[in-house]
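Shown next, in structure tokens, is the structure this report addresses.
The values are calculated or read from the model by the stated rules, or taken from the named source; none is laboratory data. Everything numeric here is computed off the predicted structure, so don't read it as measured data. We place every Cβ from the backbone using ideal geometry, glycine too, and count neighbours over all the protein chains shown.
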Amino acid sequence: MPTVREATFDLFRKHGMTTMFGNPGSTELPMLADFPDDFEYVLGLQEAAVVGMADGYAQVTGRPALVNLHTAPGLGNAMGALFNAQANHSPVVITVGQQVRAQVTMQANLTHRDASRVPHPYVKFSYEPTRAEDVPLALAHAIHLASLAPRGPVMVSIPMDDWDVEMDTLDAGHVIARDVGGRSAANPEAVAELAERINSATNPIMIAGPDIDAAGAWDEAIALAEDQNLGVWASPAPGGGRLGFPENHPNFRSVLPPAIGPVTETLAGHDLILVVGSSVFPYYPHIPGPMLPDGAELVAITSDPDEAARAPMGDAIVADVKLTLSALLAQLDGTDRDPPPEMPGPARVEDSDPLNASTVHSILKQELPEDAIIVLESPSNTLALRNQLRISRPNSYFFGAGGGLGFGLAAAVGIGIAEPERKVVCVLGEGSVQYAVVAFWTAAAYEVPVTFLVLRNEEYAILKWFAEVEEVSGSPGLDLPALESAAIASGYGIESTMVKSADDVQAALREAIADGRPRLVEVPVQPGMSLF
């Protein structure tokens, strides 16, 4: 009869989950005993970085990613990254160690008390099996739920003495063999009604959200925009962890502002607003105003029932984004509307001392391979990067949708492990680096070919902008002098350099991107927000 450990690793094999991200503790060692040769264990030095790596890996592969964490303290360390993973709709499957069953009731040291309650509300499923023999079934439950729309993280707490318990061979076989799939097609009547509303609209507009990319629906979104001559806005940047539309396309407008009043002002004059693959809307900060422009209607297409239910306005179709766009296209046959006017290209930026962040992004664009992946966590320079790079390939841009820092550096390492043949460039502020700094060690130890581009402005520029918006003055803690990112990364084993002139930035980026090892380029830039 198989042991719980043997059945569990067979279950992971069945789902292609043979890469495990982890930071082991004493309660996890029994799970890792005699670690199988066909699995890879990716060590991270702190749990938040470990979950961030798995988050990036899961997003870029589209498959559930496996994480192994220490008991209560380890899961506690990971909670910020877990918040980001749920906002990103990442299918991250977390196993967490637990004391031996004989000592759980007496709450011996390292007991994970009320383990299933700890990760809420940031998981779809959280459970500690009542019997050792139920561990594989609980993990299968977690994997299936993590993979079904809306995707998201899950957690199973496992007592450390469960792994060597034998279980029934047939029971194990049934658990391992199951397949659970689910892509929901939209109600045909709802699709037909939406097609009629589009046909009847005078000036419709489309908002492209991250679930277009996650669903593999770029081609359908482009086809709809071209068939109906729709202008296309990207959903607001704080909640848009991925891109749903090519940003060099003539129908592309820009990125929606992230607040109620400005969104409504931006969309004024449109009578039908079609939101695809996004919540309505990921607002922050609070700038009040009317929810919709005068005379406008809104329809959202989302795979997430909660996104649909919590929207403060408009109608919604809850279904798979790709299937729904395909069905909608079948109901439409061109339009007499004029195409939207083409937007101007990226603004020209001039050299300065220190360089403007937009100048650095324009240099980066020249050095990026066509199929490169950008991971971004430089909040004050998000719009500048997107305006300069105009990223126009699917599965090529990742940003922490939840807004919690620490995603970018760690996720880039996970993405680099998943996609070693594609160049990965992680653009960071020096403040963002600190939230997952230990991921540098993993990048160096596993020779993950990521180029880290650190824009050093010696402040929390995004917070200074928020202070202006929120009319806050005199706040402490917004300056970051003397953070030497290149020196820190060198200490973790990353070859690093600081450069200041445009020519030196270009040469350093060219060399770093061409290298097959992790490299870091640090560039001092002007303080403040960079928007063009």
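Structure summary
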| quantity | calculated |
| --- | --- |
| Residue list for region 449-505, filter: surrounded by fewer than 15 Cβ atoms within 10 Å (Cβ to Cβ) and either on the phi > 0 side of the Ramachandran plot or not assigned by TED's automatic domain parsing to the domain that holds Gln434 (or both) | Glu471, Gly474, Gly477, Ala482 |
| Total residues in region 204-227, condition of a type outside the set (A, V, I, L, M) and crowded, with 18+ Cβ neighbours inside 10 Å | 7 |
| Unique residue being of a type in the set (Val, Ile, Thr), touching a Phe, Trp or Tyr at 6+ places or on another chain (Cβ under 7 Å) and under 15 Å from Leu329 (Cβ atoms) when the list is Ile260, Ile205, Ile212 | Ile212 |
| Single unsatisfied condition, Met343 versus (1) buried (at least 17 other Cβ atoms within 10 Å of the Cβ); (2) aliphatic (A, V, I, L, M); (3) closer than 21 Å to Ser254 by Cα | (1) |
| Where Met343 falls short, out of the listed (1) at pLDDT 95 or above; (2) in contact with a strand residue (DSSP E or B) (Cβ under 9 Å, 6 or more places away or on another chain) | (1) |
| Positions within region 513-532 being within 18 Å of Gln388 (Cβ to Cβ) and either free of Cβ contacts under 8 Å to residues at least 60 places away in the same chain or assigned to a helix (DSSP H, G or I) (or both), in sequence order | Ile513 |
| Residue that is surrounded by the most Cβ atoms within 10 Å (Cβ to Cβ), among those in region 289-307 that are in contact with an Asp or Glu (Cβ under 8 Å, 6 or more places away or on another chain) and outside any loop (DSSP other than H, G, I, E, B) | Thr302 |
| Glu419 vs. criteria in contact (Cβ under 8 Å) with a residue 40 or more places away in the chain and over 30 Å from Asn199 (Cα atoms) | yes |
| Neighbours by Cβ (under 6 Å, 6+ apart or cross-chain): first from region 110-127, in the same structural domain as Met155 (by TED's automatic domain parsing); second modelled with pLDDT of 95 or more and among the small types (Gly, Ala, Ser) | His112/Ser157; Ala115/Ser157; Ser116/Ser126; Pro119/Ser126; Lys124/Gly152; Phe125/Ala142; Tyr127/Ala138 |
| Selected residue (criterion: farthest from the chain's Cα centre (by Cα)) from residues of region 162-195 that are modelled with pLDDT under 95 and of a type in the set (Asp, Glu) | Asp168 |
| Residue that is surrounded by the most Cβ atoms within 10 Å (Cβ to Cβ) [pool: residues in region 393-448 that are under 18 Å from Glu495 (Cα atoms) and either in the same structural domain as Ala208 (by TED's automatic domain parsing) or among the acidic types (Asp, Glu) (or both)] | Glu430 |
| Filter result for Ser352 (crowded, with 17+ Cβ neighbours inside 10 Å and touching a residue at least 24 places away in the same chain (Cβ under 8 Å)) | no |
| Selection count where residues are assigned to a helix (DSSP H, G or I) and over 22 Å from the mean Cα position of the chain (by Cα), scope region 223-239 | 5 |
| Selection count, region 506-532, where residues are buried (at least 20 other Cβ atoms within 10 Å of the Cβ) and either in contact with a His (Cβ under 9 Å, 6 or more places away or on another chain) or charged (D, E, K, R) (or both) | 3 |
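Okay, residues lined up against (1) closer than 14 Å to Glu220 by Cβ; (2) within 23 Å of the chain's Cα centre (by Cα); (3) touching a residue at least 12 places away in the same chain (Cβ under 8 Å):
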position	(1), (2), (3)
Pro290	no, no, yes
Gly295	no, no, yes
Arg310	no, yes, yes
Leu323	yes, yes, yes
Gly334	no, no, yes
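Okay, residues lined up against (1) of a type in the set (A, V, I, L, M, F, W, C); (2) touching a helix residue (DSSP H, G or I) at 6+ places or on another chain (Cβ under 6 Å); (3) at pLDDT below 95:
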{"residue": "Met53", "(1), (2), (3)": "yes, yes, no"}
{"residue": "Gln59", "(1), (2), (3)": "no, no, no"}
{"residue": "Ala65", "(1), (2), (3)": "yes, yes, no"}
{"residue": "Asn68", "(1), (2), (3)": "no, no, no"}
{"residue": "Met79", "(1), (2), (3)": "yes, no, no"}
{"residue": "Ala85", "(1), (2), (3)": "yes, yes, no"}
{"residue": "Thr95", "(1), (2), (3)": "no, no, no"}
{"residue": "Arg101", "(1), (2), (3)": "no, no, yes"}
{"residue": "Thr105", "(1), (2), (3)": "no, no, yes"}
